[in-house]
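Novice: Below are the structure tokens for one structure; questions will follow.
The values are calculated or read from the model by the stated rules, or taken from the named source; none is laboratory data. Quick caveat: nothing in here was measured; it's all calculated off a predicted structure. Quick note on the areas: whole protein, heavy atoms, side chains included, nothing else; ligands and nucleic acids left out. Shrake-Rupley method; radii C 1.70, N 1.55, O 1.52, S 1.80 Å.
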Amino acid sequence: GDLLFVAACLLGGLVAAAAGYVVGLPSLRLRGDYLAIVTLGFGEIVRVFLQGTDVQVRASAVKDTPWYALADNLGGALGFIFVPTYTTLFWVYAWVTIMLVVAVRLKHSSYGRALLSIREDEIAAQAVGINITKYKVRAFVLSSFFAGVAGALYALQIGSINAGELGFVRSFEIIIMVVLGGLGSVSGAALAA
């Protein structure tokens, strides 16, 4: 049971990391507020697609394609229901500990210093030889991975997941946690959360 649960969390993280890669590559030319708008917009597009009713989702998929099987299993407006509840406080604290250790180790590594220099001044970072594209995509993928794990923990706690619950307001709550904690502060973001 525990092994299957950890595998489900890792799979959720990997799927989200792939989505982060897809969103990260085309939006790398954007900075600051515009980048946040693109990522929030992508989240809203996915939410609206997943909230489509069964009739709308199935009508857009041809019967003999893999998309039809995917659309048939999405559940439409109902979302995923009857998910077994398995998340306990132990697993939440275990994943939070793993995430905090990775964040602190990342911040104090040469990779983390490169990310900090990109945040402060992209032109200067590029002038000293930092590959901005590579670092930004990796940051997107890593953060998306942990967001996917959090989503798996959430779904496996409440027993169902509906795209309507995970809309713009939830994304805005997460942004508020980061801003209140202080950009670049691991302990501050953890306390704000």
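Novice: How many angstrom lie between the C-alpha centres of region 93-155 and region 179-193?
Specialist: Taking the Cα centre of region 179-193 as reference, the centre of region 93-155 is 14 Å away.
Novice: Any idea of the accessible area per residue across region 94-193, 1.4 Å probe, to the nearest Å²?
Specialist: Per residue, region 94-193 has 59 Å² of solvent-accessible surface.
Novice: Could you compute how much accessible surface Ser185 exposes when probed at 1.4 Å, giving the result in Å² to the nearest 10?
Specialist: About 40 Å², ignoring ligands and nucleic acids.
Novice: Suppose accessible area is computed on protein heavy atoms with a 1.4 Å probe; arrange Phe90, Phe146 from highest to lowest.
Specialist: Phe90, Phe146
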